[in-house]
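To keep things clear, I will list the structure first and then write my remarks on it.
The values are calculated or read from the model by the stated rules, or taken from the named source; none is laboratory data. Model, not experiment: these values are computed from the prediction. Every residue, glycine among them, receives a Cβ derived from its backbone with ideal geometry; neighbour counts consider all protein chains shown.
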Amino acid sequence: MGMRNGTMKMLCAALALCMLLTAGAGYAEAAAANPVADAYERASASVVQVRNMKETWSPETGPATEISAYGSGVCVEAGFILTNWHVVYEADFVEVETLDGQIARARNIFSDDSVDLAVIELETAPEGLVPATLGDSEAVRPGDLALVIGSPVLDNVVFPGTLSVGYVSGVNRPSRDMGYFSRAVPLIQLDAALNAGTSGAGVFNTAGELIGLAALKAGEVDGIIYEGLGFAIPAATIGRVAGDLVAHGVVRRPRMGVMVSDLDGPEEPIRTYPPSGLLASEVDPEGPAARAGMMLNDIIVEFDGVRVHDFTELSALLDTHQAGEVVHVKVYRCLDEMGYMIDNPEYVELDITLGILD
């Protein structure tokens, strides 16, 4: 009986060891095939922290510098970092820090506040910082994994290179009345955690490609707390805007040569009030719109056959065109250039050849 028990104990021990070895091999195999870890290793080489710096002075301490705002950024070209415009807004100077502790100061900052993007040109390019590979944001689907890599901050303690993993919750979310956007941007919705300091963080797919830039999250609105509701600027927008900012310092969009302001009103004009649309508050006398016949105080109501009510709608349509293309624009003319009502208001149709304006 004793021998039988001893044999059983030996068999059980051998079986347990076999199970541990098998489990260990399974864990190693799973770890080796972890697409998230692999993507993090590739993508994190492009990620930096961004610091908005202020210069201060007081009689007691004299001159000093302090951090006004924390953010994140992604290398898009050697010596160039992409981040949100609101991260670097009103900075006295900006510096970035890589995950291995290299610090570089900004030489120039080129920005487009209408889509909340900025490109930082560094004085020196940090060693080992790899430009991100731009992914296809138009192929992104709800349910795809989204890897956010940035530098969240808790009580002035920075956690560089933090990975937050979630899913794409939606695509083509309108930017109207959200964040710092004044142009239409088809935002990517995420449920990955976004926190203070992750504005400008890279959003990557499991191939390690940049599919977006974290821009904002819902927090508390009217006493209601929202969780898992973040938004990113898609790579398609990043490619167009960052490419121009790096190459030219400005975004070279096709323009009509007119400054507009939103005008509330009825859908169709009534005797005492013009229709809603975009009031031409300034018209460049040498610009495309003026050459086509647009006048100061004309109200743009249609662009390429589409009814428009505000700048967000107009900019979304305008951004689908290239310089040199001809667009058909309908305006309602009811005011003279002094802003007084005219006797015979009328709709006027114009063909405008878009141009690149400095």
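The table that follows gives values for the structure above.
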quantity: Filter result for VAL260 (surrounded by fewer than 16 Cβ atoms within 10 Å (Cβ to Cβ) and within 25 Å of the chain's Cα centre (by Cα)); calculated: no
quantity: Scan of the range 263-282 for residues that are more than 30 Å from the chain's Cα centre (by Cα) and either of a type in the set (A, V, I, L, M, F, W, C) or not assigned by TED's automatic domain parsing to the domain that holds LEU317 (or both), ordered by number; calculated: ILE270
quantity: Residue in the range 169-180 that is within 26 Å of VAL94 (Cβ to Cβ) and part of a strand (DSSP E or B) present; calculated: no
quantity: The range 189-212: number of residues that are within 16 Å of ALA45 (Cα to Cα) and without any contact (Cβ under 8 Å) to a residue 60 or more places away in the chain; calculated: 1
quantity: Qualifying strands (runs of 3 or more DSSP E) (wholly inside the range 189-262; at least 3 residues being in contact with a helix residue (DSSP H, G or I) (Cβ under 8 Å, 6 or more places away or on another chain) and under 13 Å from GLY135 (Cβ atoms)); calculated: 210-217
quantity: Residue within the range 185-193 that is closer than 20 Å to ALA236 by Cα, surrounded by fewer than 18 Cβ atoms within 10 Å (Cβ to Cβ), among the charged types (D, E, K, R) and touching a strand residue (DSSP E or B) at 6+ places or on another chain (Cβ under 8 Å) present; calculated: no
quantity: Residue count, the range 320-334 (criterion: out of contact with any Ser or Thr (no Cβ under 7 Å at 6 or more places or on another chain), in a strand (DSSP E or B) and either farther than 20 Å from GLY265 by Cβ or charged (D, E, K, R) (or both)); calculated: 4
quantity: Number of the condition not met by PHE181 [criteria: (1) among the aromatic types (Phe, Trp, Tyr); (2) touching a helix residue (DSSP H, G or I) at 6+ places or on another chain (Cβ under 8 Å); (3) surrounded by fewer than 16 Cβ atoms within 10 Å (Cβ to Cβ)]; calculated: (3)
quantity: Candidates GLY101, GLY135, GLY79, GLY128 - the one that is closer than 19 Å to SER46 by Cβ and free of Cβ contacts under 8 Å to residues at least 12 places away in the same chain; calculated: GLY101
quantity: Residue among PRO254, PRO285, PRO234 that is over 19 Å from the mean Cα position of the chain (by Cα) and modelled with pLDDT of 90 or more; calculated: PRO285
quantity: Criterion (exposed (fewer than 15 other Cβ atoms within 10 Å of the Cβ) and outside any loop (DSSP other than H, G, I, E, B)) met by exactly one of GLU286, GLU313, GLU282, GLU337; calculated: GLU282
quantity: Residues of the range 101-122 satisfying the condition of being touching a Phe, Trp or Tyr at 6+ places or on another chain (Cβ under 6 Å) and among the small types (Gly, Ala, Ser); calculated: SER111, ALA118
quantity: Contacts under 8 angstrom Cβ, first residue in the range 328-345 being over 20 Å from GLU282 (Cβ atoms), partner in a strand (DSSP E or B) and of a type in the set (Lys, Arg), 6 or more apart; calculated: PRO345/ARG333
